[in-house]
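Notes for the one structure printed next.
The values are calculated or read from the model by the stated rules, or taken from the named source; none is laboratory data. No experiment lies behind these values; they were computed from the predicted model shown. Note that we place each Cβ from the backbone using ideal geometry, even for glycine, and neighbour counts take in every protein chain shown.
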Amino acid sequence: METSNFQTDIIVARGLKTGKAQVSVRLKERDYGEVKTAVNLYVIEHFIIYPDYEIYVLPYAKVNFNLALIKSDGTNGRRLTPVSLPSANYRWINEDTDKAKVTDDGVVQCLNRPGAVHIKVRDLRNFFYYME
């Protein structure tokens, strides 16, 4: 890069499809010699939970949540593609089980305990990715 008159220590990579890729890097630095390393990049599907705002409900109320994948339409625009629920690829998580229960199809059943509940969705194909 320096030979092309680019001076930076940041490199941006764009994922073209979902999955894992290993990127090898070789740096030629006069003071350090040649430095080689490799990193793993993970490209995951971007999804959202909707409704995506805080909801205040009464005891024993039910709230239906949905998932949608955010896809590029090829013209710098985005479109939402709904996910059919229940889905084997996503798991709904609620750590406040004394306040509410959540089913595999995104239905939250509130109980008779006041307080906040944080609903999360885990993409089971990408073990580290959560959406709240």
Of the residues in region 70-96 that are modelled with pLDDT of 90 or more and part of a loop (DSSP other than H, G, I, E, B), the one that is nearest to the chain's Cα centre (by Cα) is Val83
*Taking the condition within 20 Å of Asp104 (Cα to Cα) and either in a strand (DSSP E or B) or assigned by TED's automatic domain parsing to the domain that holds Asn112 (or both), does Leu58 pass?*
no
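Let's see how each residue does on (1) surrounded by 13 or more Cβ atoms within 10 Å (Cβ to Cβ); (2) touching a residue at least 24 places away in the same chain (Cβ under 8 Å); (3) out of contact with any Pro (no Cβ under 9 Å at 6 or more places or on another chain):
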site	(1), (2), (3)
Arg14	no, no, yes
Arg26	no, no, yes
Glu29	no, no, yes
Ile48	yes, yes, yes
Ala68	yes, no, no
Ser84	no, no, yes
Trp92	yes, yes, no
Ala100	yes, no, yes
